[in-house]
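S.K.: I have a structure I would like to understand better, so I am pasting it below and will then ask my questions one at a time.
The values are calculated or read from the model by the stated rules, or taken from the named source; none is laboratory data. What you see is a predicted model, and the numbers here were worked out from it, not measured in a lab. Neighbour counts are summed over all protein chains in view; Cβ atoms, including those assigned to glycine, are modelled from backbone coordinates with ideal geometry. The protein model used for the area step is the full one, side chains on, heavy atoms only, and it has no ligands, DNA or RNA in it. Shrake-Rupley method; radii C 1.70, N 1.55, O 1.52, S 1.80 Å.
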Amino acid sequence: LPGYGVHEVIIESPDHVLSFGQLDDDQAELVFLAYRDRMRVLRTNPRIAYGQLFKNSGSAAGASLEHTHSQLIGTPIVPTQVQGELNRSREFFERHGRCAFCAMIDAELASGARIVAENEAFLAFCPFASQFPYEVWIVPRTHQCCFDMAENGEIRELARLMPNLVRGVEAILNSPAYNFLIHTSP
């Protein structure tokens, strides 16, 4: 349906904080639970084919509000770039008999050169051919294509990892503007 979509703003804290890095682990867990739960609701909408959750932090990254927040959008079509990634992932699986992301995790763990952080549920690393300076991917260690299928324990592990990464980037780069997104399967 042309012109149909969903757009939500998720306020990440009742306190006036400017950065995701200022959230403690419990606050971050509530944020990631809200992300997951809102994405679950979005998936039940038959008019929505794709959901994308993103955060812009700082005006240079596109943030229009000072208070820390994120946005969830849903569209009636799968974006061309996402469909291309799905097609290439399917081709990789057909050629190699395994998931491209699982293979990437194994390669990054074997190398160790680009690993930024890790815990029981997630691996954070700089991709081999980054599109952006300081780009970091956080990938679940278990084979899972949809963020909204994450269990509470996985959400907790992500909530322990992400604010620490943000705090590290902010400390090293003097609180730069940044974007993060949850890239998930349609």
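S.K.: Taking 0.36 nm per residue of sequence separation and subtracting the Cα-Cα distance, how much length would be gained by fully extending the chain between His16 and Phe132, in nm to one decimal? Could the numbers behind the result be given before it?
M.R.: Details: separation 116, 0.36 × 116 = 41.76 nm, distance 2.91 nm.
Extra length available between His16 and Phe132 comes to 38.9 nm.
S.K.: At 7 Å along the Cα-to-beta-carbon direction for both Arg141 and Arg47, put a label point, then send me their distance in nm to one decimal.
M.R.: Once both label points are built, they end up 4.2 nm from each other.
S.K.: Work out which helices of the chain, taken as complete DSSP H runs, extend at least 30 Å along their axis over the Cα atoms and score a mean Kyte-Doolittle of -1.0 or more, then list them.
M.R.: On the way: long enough: 152-173 (32 Å, 0.21).
Length and hydropathy pass: 152-173.
S.K.: Quick one: divide the alpha-carbon radius of gyration of the chain by 2.2 N^0.38 Å and tell me what you get. Could you put the intermediate results ahead of the total?
M.R.: Numbers: Rg = 16.7 Å, N = 186, 2.2 N^0.38 = 16.0 Å.
Normalised Rg, Cα atoms only: 1.04.
S.K.: Let me ask something else about it. Using Cα-Cα distances under 8 Å and only pairs 6 or more residues apart, what relative contact order does region 1-123 have, in percent?
M.R.: Details: 119 pairs, mean separation 34.6, N = 123.
RCO, region 1-123: 28 percent.
S.K.: Loop-only check: which GluC sites (Glu not before Pro) in region 1-101 are DSSP coil with at most 14 other Cβ within 10 angstrom?
M.R.: Values: sites: Glu8, Glu12, Glu29, Glu66, Glu85, Glu91, Glu94; in loops: Glu12, Glu66.
Of the GluC sites (Glu not before Pro), the ones in loops of region 1-101 whose Cβ has at most 14 other Cβ atoms within 10 Å are Glu66.
S.K.: Ordered by residue, what ³J(HN,Hα) values in Hz, to whole numbers, does region 47-63 give under the Karplus form 6.51 cos²θ - 1.76 cosθ + 1.60, where θ = phi - 60° and Gly and Pro are x?
M.R.: 8, 10, 9, 8, x, 9, 10, 9, 9, 10, 10, x, 4, 5, 9, x, 5
S.K.: Along the positive direction of the dipole of region 27-186 (beta-carbon charges: Lys, Arg +1; Asp, Glu -1; about the Cα centre), which of Phe54, Asn119, Cys102 reaches farthest?
M.R.: Of the listed residues, the answer is Phe54.
S.K.: May I ask you to list the residues of region 128-171 whose amide nitrogen lies under 16 Å from a point 7 Å from Cα along the Cα→beta-carbon direction of Ala60?
M.R.: From region 128-171, the list is 132-135, 169-171.
S.K.: Counting pairs of alpha carbon atoms under 8 Å apart in space and at least six apart in sequence, what relative contact order in percent does region 67-186 give?
M.R.: On the way: 84 pairs, mean separation 20.8, N = 120.
Reported as a whole number, the value is 17 percent.
S.K.: Kindly state, to the nearest 0.05, the FRET efficiency for Ile73 paired with Ser111, given R0 = 41 Å and r defined as their beta-carbon distance.
M.R.: On the way: r = 35 Å, r/R0 = 0.85.
My answer for the efficiency is 0.75.
S.K.: Which of the trypsin sites (Lys or Arg not before Pro) across region 26-65 are loop residues per DSSP, with 12 or fewer other Cβ within 10 Å?
M.R.: Details: sites: Arg36, Arg38, Arg40, Arg43, Arg47, Lys55; in loops: Arg47.
Counting only loop positions with at most 12 other Cβ atoms within 10 Å, the trypsin sites (Lys or Arg not before Pro) in region 26-65 are Arg47.
S.K.: Using a 1.4 Å probe on the protein heavy atoms, what percent of the accessible area of the chain belongs to carbon and sulfur? The partial results should precede the final answer.
M.R.: Details: 6060 of 10650 Å².
Exposed carbon and sulfur together represent 57 percent of the surface.
S.K.: Quote the accessible area belonging to Val136 in square angstrom, nearest 10, computed with a 1.4 Å probe and with ligands, DNA and RNA left uncounted.
M.R.: About 60 Å², rounded to the nearest 10.
S.K.: Once fully extended, how much extra length lies between Arg40 and Asn87, figured as 0.36 nm per residue of separation less the alpha-carbon to alpha-carbon distance? Write out the running numbers ahead of the final one.
M.R.: Details: separation 47, 0.36 × 47 = 16.92 nm, distance 2.36 nm.
Computed gain between Arg40 and Asn87 is 14.6 nm.
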